[in-house]
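Everything on this sheet refers to the single structure shown next.
The values are calculated or read from the model by the stated rules, or taken from the named source; none is laboratory data. Given the structure is predicted, the values throughout are model-derived calculations rather than measurements. Cβ placement follows ideal geometry from the backbone for every residue including glycine, while neighbour counts extend to all protein chains displayed. Quick note on the areas: whole protein, heavy atoms, side chains included, nothing else; ligands and nucleic acids left out. Shrake-Rupley method; radii C 1.70, N 1.55, O 1.52, S 1.80 Å.
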Amino acid sequence: VQLQASGGGLVQAGGSQRLSCAASGDTLSTYAVGWFRQAPGKERQFVAAMNWGGITTYYADSVKGRFTISRDNPKNIVYLQMNRLKPEDTAVYYCARRSKSGSAYEIRSYNFWGQGTQVTVSS
């Protein structure tokens, strides 16, 4: 499967942005998916995840209440709606498809990754 993340850009603090992750070559509908981010000089960190059925979601404490992960299985797309953005949300955001097992929060549970999209939040 190939994952293509898009929707990044420059936004002012307090603003909103929606990221998309489109899959090709295979389906996302029967897999859990997640979003991670990596700021300059920092390790990649978990942001949000959703199980394959779209019922169960997981969020990092730093984004809980501001970010929402969703999916459109017929379109094979996963979204990350980001509201009330803060300068500390600035990072490259990656989408990923999780393998059939493993923790939603751990990078090693994901075996397919998109190329990343830059989100920059200005103060």
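Structure above, values below:
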read-out	value
Karplus-derived 3J(HN,Hα), 6.51/-1.76/1.60, for each residue of the range 84-89, Hz, glycine and proline x	6, 5, 10, x, 6, 7
Backbone HN-Hα couplings from phi across the range 33-49 [Karplus 6.51/-1.76/1.60, Hz, Gly and Pro as x]	10, x, 10, 10, 9, 9, 8, x, x, 10, 7, 5, 10, 5, 10, 7, 8
Among 3, 67, 24 - extreme Cα towards positive end, dipole of the range 1-107, charges at beta-carbon	67
Computed lengthening from residue 16 to residue 83, 0.36 nm per intervening residue step minus Cα-Cα distance	23.7 nm
Listed peptides 1-7, 11-17 by packing density, highest first (mean Cβ within 10 Å)	1-7, 11-17
Share of carbon and sulfur in the accessible heavy-atom surface of the range 29-123 [1.4 Å probe, %]	50
Top of 68, 30, 57 by mean-square fluctuation, Gaussian network on the chain, Cα under 10 Å	30
Pair residue 43, residue 122: separation of 7 Å Cα→Cβ label points (nm)	3.3
Per residue accessible area in Å² of the chain, where ligands, DNA and RNA are left out and the probe is 1.4 Å	50
Per-selection Kirkwood Rh - the range 1-52 (Cα, Å, 1 d.p.)	13.0
